[in-house]
Amino acid sequence: MNINLDEIFDYTSFNIDRDPHIVLDENICKECDQRFCVNACPACCYTWSEEEQKMTFVHDGCLECGTCYVVCGNNAFTLWRYPRGGFGVSYRMT
Amino acid sequence: MKRTYDAIVVGAGPAGSSAALTMARAGLSVALLERGAFPGEKNMFGGVLHRLTALEDVFPDFWNQAPWERHIVKKNISFITEGSSFNVSFDSEEADSPPYNGYTVFRPKFDNWLAEEAVKAGATLLTRSTVDDVIIENGKVTGVTMLRDGAELHAPVVIAADGVLSFVAKKAGLRTATFDPGKQGVCIKALIDMPKEVIDDRFGLVRDQGASKEIVGCTSGVRGGTFLYTNYDSLSLGMVLELASLNEKDKTPYDLLNALMQQPQIAKLLKGGKLLEYSAHLVPKGGYDMMPELVGDGIMVTGDAAAMCIITGINLEGINLAAESGVLAGKAAIDAHHQRDFSKSSLASYRKMLEESFVLKDLKLYKRSPQMLHNDRIFSQYPELLCGVMDEIYRIDGSPKETMTKMLLGKIKETVGLKNLMADVYSGWRAL
């Protein structure tokens, strides 16, 4: 058994909203020398592209845990809130 | 749209629903707001719900009413290295009869049940309702606005039960603007499908008896721990990892959990299991010192929103504190209605009741344990030491034995160091 986050949609349910509930200021992420979000996010929603010098956040598989909100030392969020009512992760058991 | 209630509770988790239930039973009109499609949809935790003394007046036979998986009769602490484990187990016959000391539960079921009980008592549950902002008039909190349609809900008292990040407490000016990554942990959990009979055999259980296992070690030196709990026909395996330590060690939470699943003694327990669900959430692990202001004009903060969580390495408590704080906040709101005074000084009765209850007494008692656990040796060198000593004691390989004292001192020097050991024993003694 292994947790493979490429397959997260096979075992955890989501009602994905069109609009992201977390938005980054790309310039702050570009200047950041820590990028703790990339490793700390338990759903692997953050990816840093060295080539494009760009941080990407994909909200689809966000578990709404709050880790990025706490580890980001530069407050790179132009928006950080929970999804609109009824959207986002939907745990069945856990 | 504008609606007015006697009280608004933000968040239908254990703290919020306990508050709503208490107030509704006293005849107050209560709005219980939940951002999920149903209460519990967004909630996860390790998996063991301790006895909820706070709700025993309302549910004298809680165990016949609440939806739970198994009641815990077996407690185990395990120190593990890559190839060995040292276990301390406690099995109790007394824990096998009600009132049970603890249960494994699923939050989407349990939280939903508790919120429905609040509804039965008369509370109005509004789901899919994310709070956008707090309404402040003349310096007093008088309501909240909703994200969906900007609707305003008004009440002379608002109870923040919106979880670890509590934006309600932030907007009311009761919590700090940022959090210390050294005082927050991320909990990740794999829910693993396994037939009931297999769980019973592997863990030595019958009927709906359950086992809990806390595991120290094999986290690649990251400060944190692992838990393994038995549900009726599934296992909950997860880790709580301190965020600052994850950053220092440059590790991802899921890689650590995947690696732990390969540890031979753990792998045997998980064999044949299938991943059912993966979840994650923050845990406020800083204890008493990271608590926000609990009371403001027209507002009280409860449960995780108030960082009411105790992590000693042996016990993990949260929901029992949340439920107690919810009940007490509800009582304070009822008193405030009697006196028609919702000022900070009137609602301070909430803080006073908390001081007199186990909530603040225990949080103060274990005030030093976050500092004690901020020690890398606990998570790698001590498991090595314990397993190394046991290995020496049991190993028969034709070489002559050393005296126990000499062997112990040798092992201590190899791993922790004698000075460190004495310092750690002292700090552990003070913290626990």
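Relative contact order of chain B, please, whole-number percent, based on alpha carbon pairs below 8 angstrom and at least 6 residues apart. Intermediate values should be presented prior to the final figure.
Values: 940 pairs, mean separation 89.4, N = 432.
About 21 percent, as a whole number.
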> Based on the Cα atoms of the range B:346-432, what semi-axes does the equivalent ellipsoid have, where each is the square root of 5 times one gyration tensor eigenvalue, given in whole Å with the largest first?
Replying inline: 43, 12, 10
> By how many nm would the segment from B:K196 to B:Q265 lengthen if fully extended, with 0.36 nm per residue of separation less the alpha-carbon distance?
Replying inline: 22.8 nm
>> Over the range B:102-230, what is the relative contact order in percent, taking alpha-carbon pairs closer than 8 angstrom and at least six residues apart?
In response: 14
> For the range B:159-175 and the range A:57-85, what is the separation of their Cα centres, given in Å?
Replying inline: 16
> When DSSP assigns beta bridges and you keep just the ones with both residues in the protein assembly as shown, what percent turn out antiparallel, to the nearest 5?
Replying inline: 75
>> Using only the alpha-carbon atoms, how far is helix B:319-339 inclined from the longest principal axis of chain B? Give it as 0 to 90 degrees, nearest 10.
In response: 20
> Peptide A:3-12: average number of partner chain Cβ atoms within 10 Å per residue?
Replying inline: 4
> Which is farthest toward the positive dipole end of the range B:31-174 among B:A155, B:W68, B:V119, measuring Cα position about the Cα centre, with Cβ charges +1 (Lys, Arg) and -1 (Asp, Glu)?
Replying inline: B:A155
>> From the C-alpha coordinates alone, can you work out the Kirkwood hydrodynamic radius of the range B:130-192, in Å?
In response: 13.6
> Convex hull volume of the Cα atoms in the range B:36-158, per residue, in Å³?
Replying inline: 185
>> For a quick size check, give me the Cα extents of the range B:243-329 along its three principal axes, largest first, whole Å.
In response: 53, 30, 24
> To the nearest whole number, what is the average tally of beta carbon atoms from other chains within 10 Å of the beta carbons of peptide B:247-254?
Replying inline: 5
> Can you tell me the Rg and the Dmax, both Å, for the Cα atoms in the protein assembly as shown?
Replying inline: 23.4, 84
> Given N residues in chain A, what is Rg(Cα) / (2.2 N^0.38 Å)?
Replying inline: 1.10
>> Please compute the alpha carbon radius of gyration of the range B:188-286, then divide it by the globular-protein estimate 2.2 N^0.38 Å. Two decimals is fine.
In response: 1.10
> Considering only DSSP states other than H, G, I, E and B, which GluC sites (Glu not before Pro) in the range B:75-112 qualify as loop sites with at most 16 other Cβ atoms within 10 Å?
Replying inline: B:E82, B:E93
> Can you pull the semi-axes for the range B:224-277, root of five times each eigenvalue of the Cα gyration tensor, sorted largest first, whole Å?
Replying inline: 23, 12, 9
> If we restrict to alpha carbons, what Rg and Dmax does the range B:1-92 come to, in Å?
Replying inline: 19.1, 63
> Expressed as an acute angle from 0 to 90° and rounded to the nearest 10, what is the orientation of the C-alpha long axis of helix B:107-120 relative to the principal long axis of chain B?
Replying inline: 30
>> Over the Cα atoms of the range B:110-269, what radius of gyration and what Dmax do you get, in Å?
In response: 21.3, 63
>> Among B:321-330, A:44-53, how do they line up by average Cβ neighbours within 10 Å per residue, starting with the highest?
In response: B:321-330, A:44-53
> Loop-only check: which trypsin sites (Lys or Arg not before Pro) in the range B:211-268 are DSSP coil with at most 11 other Cβ within 10 angstrom?
Replying inline: none
>> Give me, ordered by chain and number, the residues 5 or more places off B:K251 or on other chains with an amide H under 5 Å from its own placed amide H.
In response: none
> 222 nm [θ] for chain B, helices only, -39500 (n - 2.57) per DSSP H run of 4+, per residue, to 500?
Replying inline: -10500 deg cm²/dmol
> Once the principal axes of the Cα atoms of the range B:294-349 are found, what is the range along each, listed largest first in whole angstroms?
Replying inline: 44, 16, 13
> Given the pairs B:K109/B:K171; B:K189/B:K285; B:K170/B:K344; B:K285/B:K364, which are separated by over 20 angstrom at their Cα positions?
Replying inline: B:K109/B:K171
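Can you sort B:T124, B:T130, B:T176 by how many other beta carbons sit within 10 Å, fewest first?
Taking fewest neighbouring Cβ atoms as first place, the list is B:T176, B:T124, B:T130.
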> For q = 0.17, 0.20 Å⁻¹, what log10 I(q)/I(0) does the range B:244-389 give under the Debye formula with an equal point scatterer on each alpha carbon and no solvent?
Replying inline: -1.03, -1.22
>> Taking 51 Å as R0, compute the FRET efficiency from the Cβ-Cβ separation of B:V425 and B:W63 and round it to 0.05.
In response: 0.85
>> For Cα pairs less than 8 Å apart in space and 6+ apart in sequence, what is the mean separation divided by the residue count of the range B:219-377, i.e. the relative contact order in percent?
In response: 21
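None of the figures in this text is laboratory data; all of them are computed from the coordinates on show. These figures come from a predicted structure and were not determined experimentally. Cβ: placed from backbone, ideal geometry, glycine included. Neighbour counts: every protein chain shown.
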